[in-house]
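Asks: Can you keep this structure in mind? I'll have questions shortly.
What follows is calculated from the coordinates using simple rules that are stated; it is not laboratory data. In this text, all values refer to a predicted model and were calculated from it rather than measured experimentally. All Cβ positions, even for glycine, are placed from backbone atoms using ideal geometry, and neighbour counts span all protein chains on display.
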Amino acid sequence: MIKYTITPQESEVLSSKFLKMSHKPVSKDSIEEARQHIVSSLPDLSVMKEELSFGSGMVKFESLPIDSDLPPPPVDGKRPKDKSYYSEHLLCGITSALGMCVFSYQNEKDGALVHEIAPIPSLESSKSSNGRDEFMFHTDGAYLDRESRPHTLSLMCLVNEGNVATDISSLQACLNDLTEQDINILTERLFMHRAPETFNVQSGICQSSVLDKINGFYEIKVATHSTQGITPQADNALKKLISAMYKHKTVSSWKSGDLVVFNNLRTVHGRGEVKGNRWLQRCYGSSFHDNAQVIGL
Ligand SMILES: [Fe+2]
């Protein structure tokens, strides 16, 4: 993982630029404006772009400025009405500056481009970003076809009282622990994938592979708590892959103002139990969609 810590001078420049955008809702135009602010305020991001697409698949920014008057974390999964759009534009601007277009799904959180990730009291035991229980390694949108899946996820930390880390594991490292036969089985359509609990869709199940080889690189789609092999050999290969994920995980602990962007096709992510108040904001990135596009499933 490549890390970049924002200097106090850069933080000051970003603060003044993004403060002027803090009243504007996120839109195609505002994402482009935010991208330009990032490009003109931070050093060249081409090494990070390369790392995201072809390296470990994860990059981190530390000590970004956030809203000066942050309201308490939401308990209904929705953006508090009295919050400014300051952190939203930093999140979308960095995602766009890394070469990704910010998009969302109409079927998830009513199409919001930026998602509030904070436990919802009535859903605390759900296996999703709304819950508090451990959320095992997964990729987002594993049951969707490649064009519809997020290619990157960007997560910005606003509040993290319990110091809950996000664990990310790079597929490249995991594959070194598997035999050629395991990898071949994982590339066959021998697995059932289910839609995540946060997606409001009718038919959320499909039979597919866990690994796909695209342009010479392996990619992954899996939710380890719900994806199942349909033969004993398939299940066995999946178990070996899951154990490699834990062996090779990168623990990304973070605090308010830290932002992680990772490749959803070449890494898996998860976290432990959420303790205390925790509030992240998330956006999806893709090279297939336009900025601010809301797609239906
Ligand atoms: Fe996720």
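Asks: Report the trypsin sites (Lys or Arg not before Pro) located in the stretch 150-254 that are in a DSSP loop and have at most 15 other Cβ atoms inside 10 Å of their Cβ, or state none. The partial results should precede the final answer.
Replies: Working: sites: Arg189, Arg194, Lys213, Lys221, Lys239, Lys240, Lys247, Lys249; in loops: Arg189, Lys221.
Counting only loop positions with at most 15 other Cβ atoms within 10 Å, the trypsin sites (Lys or Arg not before Pro) in the stretch 150-254 are Arg189.
Asks: Could you please rank Ile230, Ile6, placing first whichever residue has the fewest other Cβ atoms within 10 Å of its Cβ?
Replies: Ile230, Ile6
Asks: When we measure straight from the Cα of Lys221, which lysines land under 21 angstrom away, once same-chain ones fewer than 8 places off are left out?
Replies: Lys127, Lys213, Lys239, Lys240, Lys247, Lys249
Asks: Restricting the count to DSSP beta bridges whose residues both fall in the chain, what percent are antiparallel, rounded to a multiple of 5? Intermediate results must be reported in sequence, preceding the final value.
Replies: Values: 45 of 52 bridges.
Antiparallel bridges: around 85 percent, rounded to the nearest 5.
Asks: For all pairs of alpha-carbon atoms in the stretch 13-75, what percent lies in each bin of width 5 Å, listed from the first bin to the last filled one?
Replies: The percentages, shortest bin first, are 4, 13, 19, 21, 20, 14, 8, 2.
Asks: Counting pairs of alpha carbon atoms under 8 Å apart in space and at least six apart in sequence, what relative contact order in percent does the chain give? Write out the running numbers ahead of the final one.
Replies: On the way: 663 pairs, mean separation 90.1, N = 297.
Answer for the chain is 30 percent.
Asks: Evaluate the distance, in nm, between pseudo-label points positioned 7 Å from the Cα of Ser68 and of His23 along their respective Cα→Cβ axes.
Replies: So the two model labels end up 1.5 nm from each other.
Asks: Kirkwood Rh, the chain, all Cα pairs: how many Å?
Replies: Working: mean 1/r = 0.0516 Å⁻¹.
Evaluated on the chain, it is 19.4 Å.
Asks: Hey, what number do you get for the chain at 222 nm if only DSSP H runs of n ≥ 4 count, each worth -39500 (n - 2.57), divided across all residues, to the nearest 500? Display every interim value, and only then the final one.
Replies: Values: 7 runs with 75 residues, N = 297.
Estimated from H runs of four or more residues: -7500 deg cm²/dmol.
Asks: Which residues make up the longest stretch of the chain clear of GluC sites (Glu not before Pro) that lie in a DSSP loop with no more than 14 other Cβ atoms within 10 Å, not counting the sites? Intermediate results must be reported in sequence, preceding the final value.
Replies: Numbers: sites that count: Glu124, Glu134, Glu147, Glu161, Glu273.
Longest run free of exposed loop sites: 1-123.
Asks: Please find the FRET efficiency linking Asn163 to Lys78, where r is the Cβ-Cβ separation and R0 is fixed at 22 Å, and quote it to the nearest 0.05. Present the calculation step by step, with values, prior to reporting the outcome.
Replies: On the way: r = 25 Å, r/R0 = 1.15.
So the FRET efficiency works out to roughly 0.30.
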